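Before any comments, here is the structure.
The values are calculated or read from the model by the stated rules, or taken from the named source; none is laboratory data. Treat the numbers as computed from the prediction; the structure is a model and nothing was measured. Please note: Cβ atoms are built from the backbone with ideal geometry, for glycine as well, and neighbour counts cover all protein chains shown. Protein only, heavy atoms only, side chains kept; ligands, DNA and RNA dropped before computing areas. Shrake-Rupley method; radii C 1.70, N 1.55, O 1.52, S 1.80 Å.
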Amino acid sequence: MTKENTSSAAGWKFDNSYARLPETFYARLNPAPVRSAKLVVLNYQLAKTLGLNYKFLESEKGVAVLAGNLIPEDALPLAQAYAGHQFGHFAMLGDGRALLLGEQILPQGERFDIQLKGSGKTPFSRGGDGRAALGPMLREYMISEAMHALGIPTTRSLAVVTTGEPVFRETVLPGAILTRVAASHLRVGTFQYVSRWGTARELKILADYTLQRHFPGAETSENDYLFLLQEVIRRQAILIAKWQLVGFIHGVMNTDNMALSGETIDYGPCAFMDAYDPATVFSSIDKYGRYAYGNQPEIAAWNLARFAETLLPLLHNNEEEAIKLAENELNGFAKHYRSNWLAGMRAKLGILNGEPADESLVENLLNLMIKFHADYTNTFLALTFEPKEVTKMFCSAEFAQWRKLWQARLDRQQDNLKAKHHELMRNSNPALILRNNRVEDALEAAVKHEDYSLMQQLLHVLSNPFAHSPEQAEYSILPEPSGIPHVTFCGT
């Protein structure tokens, strides 16, 4: 594998703090070279944010880096070890098809992981080929960028390159590598791995590293590791509330897919909900609805409990006291989540202050949406503006009664707040989401016909979902009912 000093030309400024942790946390290896790398999509805005020269990334050497055929001089590629509960069952895992090149240091001092996904086999591949197909990599690119535009913490996608090699799944598919950018790839599963197979010293090293990287301020707390637990709980409460507020369904909330940074990570069988129904599931492997939309807050709490278990030796020397400390924080998650969710729902309805009856007002609307199979995003869009279509729900007596209560609630706001309620709704209710049919159309054009124009147009209109521009209006139109539930796949 060739190493070359491309840093000055590309703008790479790598540090490798994770590689300085105990060697049991990872496996050092280089990406497997690919036959014929071709750049198919590049995130110019993200490249600029990272301090990278997009013209170099488009060059032959730049594409070689994004494909893993050329390693920047300061990069130290590694596959991270982690474990995780997958659908409730504990397993040893790790990066089976991804390598961390290093951490890009921004001019402001921030650091972001640069990871190649689909870069070949690793010691953690568990029989897999370590490669990725073009469709799922483009899907992650689109959905992660849509989430970012919605203001939801997320990993992001810098580029996708094709490899010129096939990958073998149910059918033969074109291979690809995605460059993923993340605040870090520290997961609940990372702590589970070290807790199960590491030493007490290694667990402390990992916890200290996590604090240093993501949670400044621990030095002012009485218990650093309790502070860590509190902050992870707080960020997850915010994140899951944001998911629920836009109807996002992750699809595979295993503990290895919960990032401690509070970012959304691992876009496998995820999708945005159309008709509102808490039981909505898209994943082909979620046969019993464990990760249904309505279960996501409870699953987050369950995952956080697994994280807290790993911290027990650090929380207190006495195990009973450690458990009490952990349980006290875990018991607060539901309150933190509900507070964030209700604040978001108030904003979606143009409510700028709080009243005790607000929660029932929201719940009554959601119940009407279930009864009439109302589209989640378009319902709130119609409340923001005047409805552009007649639906059964809007014509119902129940909705008319609810609307009177809502208008009365808005009228009770202080005069100086009334004028702001419409602006608040515009900024809280997106004009469009990444609809499943739009994703599939764009992927079919790209994968089957090498036509990326649909995807680029989709990314353009999604880049500012709160603009409510005329060109976005057609993207809010619902697809014709097919009678066949939409199903998503992990894309491994």
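Figures for the structure shown
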{"read-out": "Qualifying residue in segment 79-95 (condition: out of contact with any Phe, Trp or Tyr (no Cβ under 7 Å at 6 or more places or on another chain) and under 26 Å from K13 (Cα atoms))", "value": "no"}
{"read-out": "Pairs, first under 16 Å from I205 (Cα atoms) and hydrophobic (A, V, I, L, M, F, W, C) in segment 215-227, second surrounded by 15 or more Cβ atoms within 10 Å (Cβ to Cβ) and at pLDDT below 90, C-beta under 6 Å, six or more apart", "value": "F227/A218; F227/S221"}
{"read-out": "Matching option when the condition is part of a helix (DSSP H, G or I), open to solvent by 20 Å² or more (accessible area, probe 1.4 Å), touching a strand residue (DSSP E or B) at 6+ places or on another chain (Cβ under 7 Å) and of a type in the set (D, E, K, R), among R306, R346", "value": "R306"}
{"read-out": "Test: residue in segment 116-123 that is under 25 Å from M455 (Cβ atoms), in a strand (DSSP E or B) and not small (G, A, S)", "value": "yes"}
{"read-out": "Single match in I152, I177 (criterion: part of a loop (DSSP other than H, G, I, E, B), more than 15 Å from T24 (Cβ to Cβ) and open to solvent by less than 40 Å² (accessible area, probe 1.4 Å))", "value": "I152"}
{"read-out": "Complete set of residues in segment 147-192 that are free of Cβ contacts under 8 Å to residues at least 12 places away in the same chain and either closer than 23 Å to A271 by Cβ or acidic (D, E) (or both)", "value": "H148, E170, T171"}
{"read-out": "Candidate set from segment 422-469 (those that are touching a Gly at 6+ places or on another chain (Cβ under 6 Å) and under 18 Å from T377 (Cα atoms)); member that is least open to solvent (accessible area, probe 1.4 Å)", "value": "M425"}
{"read-out": "From N378, N340, N367, N295, residue being open to solvent by 20 Å² or more (accessible area, probe 1.4 Å), closer than 30 Å to P481 by Cα and in contact (Cβ under 8 Å) with a residue 40 or more places away in the chain", "value": "N378"}
{"read-out": "Near pairs, Cβ below 8 angstrom, 6+ apart or cross-chain, from segment 390-416 (charged (D, E, K, R)) to any residue that is open to solvent by 100 Å² or more (accessible area, probe 1.4 Å)", "value": "E398/K371"}
{"read-out": "Count - residues of segment 57-91 that are part of a strand (DSSP E or B), in contact with a helix residue (DSSP H, G or I) (Cβ under 8 Å, 6 or more places away or on another chain) and open to solvent by 10 Å² or more (accessible area, probe 1.4 Å)", "value": "4"}
{"read-out": "Of the criteria (1) open to solvent by 10 Å² or more (accessible area, probe 1.4 Å); (2) in contact with a strand residue (DSSP E or B) (Cβ under 7 Å, 6 or more places away or on another chain); (3) of a type in the set (A, V, I, L, M, F, W, C), which one M147 fails", "value": "(1)"}
{"read-out": "Identity of the residue in segment 247-271, buried (at least 23 other Cβ atoms within 10 Å of the Cβ) and either of a type in the set (F, W, Y) or over 25 Å from F307 (Cα atoms) (or both), that ends up farthest from the chain's Cα centre (by Cα)", "value": "A271"}
{"read-out": "In segment 92-122, residue most open to solvent (accessible area, probe 1.4 Å) [restricted to those that are more than 19 Å from the chain's Cα centre (by Cα) and of a type in the set (V, I, T)]", "value": "I105"}
